[in-house]
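The values are calculated or read from the model by the stated rules, or taken from the named source; none is laboratory data. Since the model is a prediction, treat every value here as computed from it, not as a measurement. Every residue, glycine among them, receives a Cβ derived from its backbone with ideal geometry; neighbour counts consider all protein chains shown.
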Amino acid sequence: MNETLSYIDSNGERFVEELKDFLRIPSISANSTYDPETRRAAEFVAAEAVRIGLENVRILETAGHPVVYADWLHADGKPTVLIYGHYDVQPPEPLELWTNPPFEPTVEGDSIYARGSIDDKGQVFMHLKSLESLLATTGGLPANVKIIIEGEEEVGSPNLPPFLAAHKELLACDTVMISDTTMYDYEMPGITYGLRGLAYFELHVVGPDRDLHSGMFGGAVANPINALCELIAKMKDSAGRVQLPGFYDNVVDVSPKERAELERLPYSATDFCSMINIPITVGEAGYSDLERLWARPTLDVCGIWGGYQGEGAKTVLPSKAAAKISMRLVANQDYRKVADQLRAFIQEHKPSGVSIEVIELHGGPPALTPTDSVPVRAALRALETAFGTKPFLIRSGGSIPIVADFEEQLGAPVVLMGFGLPDQNAHSPNEKMNLSNYHRGIKSSALFLQEYSRMYAAE
Ligand code: BES
Ligand code: MN
Ligand code: MN
């Protein structure tokens, strides 16, 4: 392993240059104008897999963007690790807020700036570079490895569940390793054991069949924007509790034991607030900030529109209004049930004089993974060696909808070993990745394969 670790050290600069080539590809899965570029990112991953010595490299088609598969299966009698990640990225807009263009990766200090640098191309590359380093220095891998890198994570992985179901044998494994989450803080690596799910809706409110003179009609006609705001205002009470009927029925509350563990994490509300320039945190009464962020469900309006938005005053009543509403869910909420709850709520509280349409944009289940599985313990050891400090067990507020499917369809425990940080602007302008953590991530990946193989044999 020492030889592998020195190889990682001495090839560090080249590993950054190669990552830059990957980051230059604008693989924006949400925007079909970029479909050829998105495919090019898949081809890049496949070519890299061939180059480093993986076998059976394939670009597998789906109804949307393709999945890249590759493997190395010559570690007889050793366990099989399936490494999952995504080569697609979020749209970069608003472009004017980027200091450097999003697809021209730029190194400044100990960071590399580019869309996709931390989410998730940089983290996918950590594993590819780790596999390269092991193959180059030892001629093999300590465990069998399969990789699947998909291109639709940022649009909710719509085609991945049927893909898993159709390729169960190809993807059969003992554990799934995913690096697409965050650490607790700089110099505080961690394994994530909880992710939130997601239920995302669009509401369309329609009133009169045209925009109207607000003097001639105002007062006797329902205003769709007012109606929408009235409805949204009722969705949460003043203690921050979501009012949809049955919303909390299946929520697994934080146990006293977990609460005590969360309280041991070094959390500073002041630091959190200053990171994003807010005066205070707000949220559901009776819960700490970490509980609110990680272990409690939310309801947030992500977009709202309607009416006149041009310069000056236009005295007009809108005919329509709309909003995007996202709910982050926790174990054991079911996004399909939440859709029914939203419809029931609207039925009960719908202001009169308007019609309301609910569109389900997408849903994904929450995940709580075991913290004592052999692969999680192996990953904790790997992080401790690579970072020289004890790692934390943490949860996260984000979502990776496919995690629950992996556990159900492949019956293998998932390990979320992430290297991002909350201040790295994932999905925002000036996304970046810390280069020291890139190199330590590569080492963690190699150490993990070795530790896991060893611990698996000892079990
Ligand atoms: N990598 C993130 C998820 C994430 C980020 C998990 C930070 C934990 C910590 C992923 O790429 C993502 O953005 N997921 C979306 C899911 C959605 C598009 C269905 C999310 O969480 O909004
Ligand atoms: Mn991601
Ligand atoms: Mn993302």
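Residues that are within 24 Å of residue 423 (Cα to Cα) and of a type in the set (Asp, Glu): find the strands (runs of 3 or more DSSP E) completely inside region 59-156 holding 1 or more of those. Filter on region 59-156 gives 106-108. Of all the listed residues (297, 279, 266, 256), the sole one being surrounded by fewer than 11 Cβ atoms within 10 Å (Cβ to Cβ), out of contact with any Pro (no Cβ under 7 Å at 6 or more places or on another chain) and either touching a residue at least 12 places away in the same chain (Cβ under 8 Å) or among the acidic types (Asp, Glu) (or both) is 266. For region 421-459, which residues satisfy the criterion of being among the small types (Gly, Ala, Ser), farther than 17 Å from residue 128 by Cα and touching a Ser or Thr at 6+ places or on another chain (Cβ under 9 Å)? Once the filter is applied, which keeps residues that are among the small types (Gly, Ala, Ser), farther than 17 Å from residue 128 by Cα and touching a Ser or Thr at 6+ places or on another chain (Cβ under 9 Å), region 421-459 yields only 426. Of all the listed residues (65, 127), the sole one being within 16 Å of ligand 3 (Cβ to nearest atom), at pLDDT 95 or above and either touching a strand residue (DSSP E or B) at 6+ places or on another chain (Cβ under 8 Å) or acidic (Asp, Glu) (or both) is 65. Residues that are closer than 13 Å to residue 425 by Cβ and of a type outside the set (S, T, N, Q) were ranked within region 93-107; the one that is nearest to ligand 1 (Cβ to nearest atom) is 102. When 70, 114 are checked against the criterion of being touching a Leu at 6+ places or on another chain (Cβ under 6 Å), within 16 Å of ligand 2 (Cβ to nearest atom), of a type in the set (Gly, Ala, Ser) and assigned by TED's automatic domain parsing to the domain that holds residue 46, 114 stands alone in meeting it. Condition check for residue 64 on (1) of a type outside the set (Phe, Trp, Tyr); (2) within 16 Å of ligand 1 (Cβ to nearest atom); (3) in contact with a Leu (Cβ under 7 Å, 6 or more places away or on another chain): one failure, at (3). Would you be able to tell me the number of residues in region 165-182 that are within 16 Å of ligand 1 (Cβ to nearest atom) and more than 13 Å from the chain's Cα centre (by Cα)? Looking only at that region, the number is 2. Can you tell me which of (1) surrounded by 12 or more Cβ atoms within 10 Å (Cβ to Cβ); (2) in contact with a Gly (Cβ under 8 Å, 6 or more places away or on another chain) is the one residue 229 doesn't meet? In the conditions (1) surrounded by 12 or more Cβ atoms within 10 Å (Cβ to Cβ); (2) in contact with a Gly (Cβ under 8 Å, 6 or more places away or on another chain), residue 229 misses (2) alone.
Checked against the criterion of being in contact (Cβ under 8 Å) with a residue 40 or more places away in the chain and outside the structural domain of residue 241 (by TED's automatic domain parsing), the candidates 291, 284 yield just one match: 284. Pull up region 375-403, narrow it to residues that are away from ligand 2 (no atom under 16 Å from the Cβ), of a type in the set (Gly, Ala, Ser) and in contact (Cβ under 8 Å) with a residue 60 or more places away in the chain, then point me to the one that is farthest from residue 197 (Cα to Cα). Filtering region 375-403 for residues that are away from ligand 2 (no atom under 16 Å from the Cβ), of a type in the set (Gly, Ala, Ser) and in contact (Cβ under 8 Å) with a residue 60 or more places away in the chain, the one farthest from residue 197 (Cα to Cα) comes out as 386. Of all positions in region 426-446, at least one carries a residue that is within 18 Å of residue 82 (Cβ to Cβ) and of a type in the set (S, T, N, Q). Among residues belonging to region 181-213 that are in a loop (DSSP other than H, G, I, E, B) and among the acidic types (Asp, Glu), point out the one that is farthest from ligand 2 (Cβ to nearest atom). Going through the qualifying residues, I end up with 209.
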